[in-house]
Amino acid sequence: METLPLKYTGYAVTFQEVPNETSLIFNISGCPYKCRGCHSQYLWEYTGEYISEEIEQILMQYKGLVTCVCFMGGDQNLAELKLLLIKCKSLGFKTCVYSGSNDISIFDDLLSLLDYLKVGEYVSELGGLNSKDTNQRFYQIKTNKERQFAFDDKTYLFWNK
Ligand code: SF4
């Protein structure tokens, strides 16, 4: 399948998607996963603006106002996503990607640029991150003493106590 440049449909500041961070969320369109029961079908269509053309201007507006930049999708073009993450890091933001992929290894080349990573397709019977039965995982990416990447599972932070 042809790799298309990433487009986004909009952005917003939220507190929910990344616990303990104020995040600028970009909704990337053209989601390739097509999960059954998807709660965001508006992201299936490849529509919106080219994010690489506009992200720097948006980031400059939010510098000092948010702590983290979170991409909802974007792993259908990992090379471009990597450049976007480099841009965010160079401006001092933490970073997060929400992916519908069940294969975390596709992010091996991006781990040094990621603070948080959500993986796993949406399965309606199991629920999203806020369900204790969920198949999805939300990780904080850490580096251990041997300078290897470690995935600290923080999914429980989404569960109502
Ligand atoms: S990854 Fe998210 S947006 Fe894409 S189909 Fe699955 S639930 Fe919908």
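The values are calculated or read from the model by the stated rules, or taken from the named source; none is laboratory data. For clarity, every value in this text was computed on a predicted model and none was experimentally measured. No Cβ is skipped: glycine too gets one built from the backbone with ideal geometry, and neighbour counts run over all protein chains shown. Protein only, heavy atoms only, side chains kept; ligands, DNA and RNA dropped before computing areas. Shrake-Rupley method; radii C 1.70, N 1.55, O 1.52, S 1.80 Å.
The requirement of being in contact with a strand residue (DSSP E or B) (Cβ under 6 Å, 6 or more places away or on another chain) and basic (Lys, Arg) is satisfied by Lys94. Residue count for region 44-78, restricted to those that are farther than 11 Å from Cys31 by Cα, open to solvent by less than 70 Å² (accessible area, probe 1.4 Å) and not hydroxyl-bearing (Ser, Thr, Tyr): 12.
Results for (1) touching a Phe, Trp or Tyr at 6+ places or on another chain (Cβ under 9 Å); (2) more than 20 Å from Asn130 (Cα to Cα), shown as yes or no for each residue.
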| residue | (1), (2) |
| --- | --- |
| Val18 | yes, no |
| Ser23 | yes, no |
| Gln41 | no, no |
| Gly48 | yes, yes |
| Glu53 | no, yes |
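Residue-level check: of (1) in contact with a Leu (Cβ under 8 Å, 6 or more places away or on another chain); (2) surrounded by fewer than 19 Cβ atoms within 10 Å (Cβ to Cβ); (3) β-branched (Val, Ile, Thr), Thr95 misses just (2).
For Cys38, the conditions (1) under 21 Å from Leu117 (Cβ atoms); (2) more than 14 Å from the chain's Cα centre (by Cα); (3) within 16 Å of the ligand (Cβ to nearest atom); (4) in a helix (DSSP H, G or I) are fulfilled apart from (4).
Here Cys88, Cys70 are screened, and the one residue that is outside any loop (DSSP other than H, G, I, E, B), free of Cβ contacts under 8 Å to residues at least 60 places away in the same chain and within 16 Å of the ligand (Cβ to nearest atom) is Cys70. I'd like the full set of residues that are out of contact with any helix residue (DSSP H, G or I) (no Cβ under 7 Å at 6 or more places or on another chain), open to solvent by less than 80 Å² (accessible area, probe 1.4 Å) and more than 24 Å from Asn102 (Cβ to Cβ), limited to region 10-43. Within region 10-43, Gly10, Ala12, Val13, Thr14, Glu21, Thr22 meet the criteria. With the structure loaded, tell me whether Gln61 is free of Cβ contacts under 8 Å to residues at least 40 places away in the same chain and over 21 Å from Lys82 (Cβ atoms) or whether it fails that test. Yes, satisfied.
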